[in-house]
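Working notes for the structure below.
The values are calculated or read from the model by the stated rules, or taken from the named source; none is laboratory data. Bear in mind the structure is a predicted one, so any value in this text is a computation, not a measurement. Heads up, the Cβs are rebuilt from the backbone with ideal geometry, glycines too, and the neighbour counts pull from every protein chain shown. SASA here: full protein model, heavy atoms, side chains in, ligands and nucleic acids out. Shrake-Rupley method; radii C 1.70, N 1.55, O 1.52, S 1.80 Å.
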Amino acid sequence: MVGEVQSSNSPNVALEGNEVPIESSVVSPTQEVQSTPNEINIENQDPEAPVEPTTSPNKRGLKSDAWPYFKRKKIGGIWKAICKSCDKKIGGDTKNGTKHLFDHISICPKRTERGPKQAMLKVTEKKSGNRHESFVVGNYTFNQDVSRNELAKMIILHEYPIMMVNHIGFRNYSHSLQPLFKIVSRNTMKNDIMKLYESEKSKQMKILAKNKSRIAITTDMWTASNQNKGYMSVTAHYIDENWILQNRIIRFIYVPTPHTAEHQ
């Protein structure tokens, strides 16, 4: 579209392409018209005039989850992404990807959330003796691996069946507490428990290797009344560097019953 600005003191000025019509009834021949290349004032532009796209030059558009947290503008002929929280300008060219946008979201000093899909707050209670002093609200970042590790510890501590992770009631309850937590299958939870066991075993062996005192070994055998199965545990007793008696189970095995002198 070609627009003309009529002036009584100057010839007609033709505007083409993405130029903005100058809203003035009189234009002096000596008056300079200021215009910034590649920038468009959308509010003052004629709605019928074609405009340069200000979102994305590619065919797919801005599909990343990071873009809702930035304004994209062309400054000096270069695309810039401007943070909506702190107004910091970083590279906005789609050819460079969006990793640097996510990095800025995680460190932006004026943001109250730490991810494009999270908006959570952690409330910490401060106590003074038996009195509740105050509550402190801060940022909270959900971690899937930490939650899986805590679930494995809970199953071990309370001797819950591993099948509980497949129970629909437990899944609904977990989802109500944290919708982002993905419940794993029974086999995956079994692997998590074995990894936790191997990790704790390695830590304990390192502690015993550094111990400078003597270590006493005791064994205990018993038969589980509800299973009619025999077990034996091997326990290490030692005094640590702070003169505190420590007891650690270093072996727990199944022993076929009965435990009599004839069957040893």
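Computed quantities for the displayed model
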read-out: Enumeration of residues in region 215-246 that are open to solvent by 50 Å² or more (accessible area, probe 1.4 Å), within 13 Å of P258 (Cα to Cα) and touching a residue at least 24 places away in the same chain (Cβ under 8 Å); value: M221, T223, N228, K229
read-out: Qualifying residue in region 219-232 (condition: outside any helix (DSSP H, G or I), at pLDDT 90 or above, among the polar types (S, T, N, Q) and closer than 30 Å to N143 by Cβ); value: no
read-out: Positions within region 159-199 being open to solvent by 90 Å² or more (accessible area, probe 1.4 Å), part of a helix (DSSP H, G or I) and among the acidic types (D, E), in sequence order; value: E198
read-out: Selection status of I249, closer than 29 Å to S147 by Cα and assigned to a strand (DSSP E or B); value: yes
